[in-house]
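The structure appears right after this line, and notes come after that.
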Amino acid sequence: MKKRIVLSALCVSIAAIGVSVLAQRQATKISPEAVEIRAVLDRQVEAWNRRDLEGFMRGYWQSEQLTFYSGGSKTSGWQATIDRYRKTYQGEGREMGHLDFSDLQIENLGSRAAFVRGQWRLKMGDKEIGGLFTLIFRKFDHGWKIVHDHTGSA
């Protein structure tokens, strides 16, 4: 009788562990949307590190409705955003450096919108800068694009 009770308790414990592991796997399962968004961000990093600003900007919505908040200022529109990047990272005596994104958290807000948080780091010679960013992505017929970027530096 004691063996039966112990065996039953053991079976219940194993089943509970199995359910917990399954729930954990489900919670960490990456959605197809998150995979596509991650690919956009990876292409941006690759383009930046090739010094290809236009390639980097393909991740952004090419619209006057694009918004970019950084350093206490607001930039509106795709053209104004690329102009800001050019001035900051390709102007006289400037360099683009080597960009890395880390700690990415991609949260679907439906089938055509997502919220992304992460950390950026830019190494330029012996200097390194970085900070946090929040992005809003929207899915268009031609793929996922950033429609809002709020980037801060530490």
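Could you please let me know if Leu66 is in contact with a Phe, Trp or Tyr (Cβ under 6 Å, 6 or more places away or on another chain) and either at pLDDT 95 or above or exposed (fewer than 14 other Cβ atoms within 10 Å of the Cβ) (or both)?
Details: in contact with a Phe, Trp or Tyr (Cβ under 6 Å, 6 or more places away or on another chain): yes; either at pLDDT 95 or above or exposed (fewer than 14 other Cβ atoms within 10 Å of the Cβ) (or both): yes.
Answer is yes for this residue.
Out of Gln119, Gln79, I need the residue that is assigned to a strand (DSSP E or B) and in the same structural domain as Lys145 (by TED's automatic domain parsing). Which one?
On the way: Gln79 fails: assigned to a strand (DSSP E or B).
That would be Gln119, the only listed residue that is assigned to a strand (DSSP E or B) and in the same structural domain as Lys145 (by TED's automatic domain parsing).
If you check Thr88 against the conditions, is it of a type in the set (Ser, Thr, Tyr), in contact with a helix residue (DSSP H, G or I) (Cβ under 6 Å, 6 or more places away or on another chain), free of Cβ contacts under 8 Å to residues at least 12 places away in the same chain and more than 12 Å from Arg138 (Cα to Cα)? Lay out the reasoning, then the answer.
Numbers: of a type in the set (Ser, Thr, Tyr): yes; in contact with a helix residue (DSSP H, G or I) (Cβ under 6 Å, 6 or more places away or on another chain): no; free of Cβ contacts under 8 Å to residues at least 12 places away in the same chain: yes; more than 12 Å from Arg138 (Cα to Cα): yes.
No: the conditions fail for Thr88.
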Checklist line | Residue list for segment 38-52, restricted to those being under 14 Å from Asp103 (Cα atoms) and surrounded by 18 or more Cβ atoms within 10 Å (Cβ to Cβ) | finding: Leu41
Notebook entry, point to check: When the residues of segment 44-61 are filtered to those that are touching a strand residue (DSSP E or B) at 6+ places or on another chain (Cβ under 8 Å) and in a loop (DSSP other than H, G, I, E, B), which remaining residue is nearest to Gly130 (Cα to Cα)?
Noted result: Gly59
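Taking the condition of being surrounded by fewer than 12 Cβ atoms within 10 Å (Cβ to Cβ) and modelled with pLDDT of 95 or more, how many residues in segment 113-127 meet it? Even if it seems obvious, please write down each step before you answer.
Kept after step one, since they are surrounded by fewer than 12 Cβ atoms within 10 Å (Cβ to Cβ), are these residues of segment 113-127: 125-127.
Going one step further and asking which of them are modelled with pLDDT of 95 or more, we end up with none.
Number satisfying all stated conditions: 0.
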Notebook entry, point to check: Of the residues that make up segment 97-112, is at least one surrounded by fewer than 15 Cβ atoms within 10 Å (Cβ to Cβ), modelled with pLDDT under 95, among the hydroxyl-bearing types (Ser, Thr, Tyr) and under 30 Å from Pro32 (Cα atoms)?
Noted result: yes
Check: Do we have Ser31 as within 23 Å of Val147 (Cα to Cα), small (Gly, Ala, Ser) and modelled with pLDDT of 95 or more here?
Finding: no
Next item on the list: Report yes if some residue within segment 90-97 is aliphatic (A, V, I, L, M), in a strand (DSSP E or B) and on the phi < 0 side of the Ramachandran plot; otherwise report no.
Entry: no
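The values are calculated or read from the model by the stated rules, or taken from the named source; none is laboratory data. Note that this is a predicted model, so its numbers are computed, not measured. So basically every Cβ, Gly included, is an ideal-geometry build from the backbone, and we count neighbours across all protein chains shown.
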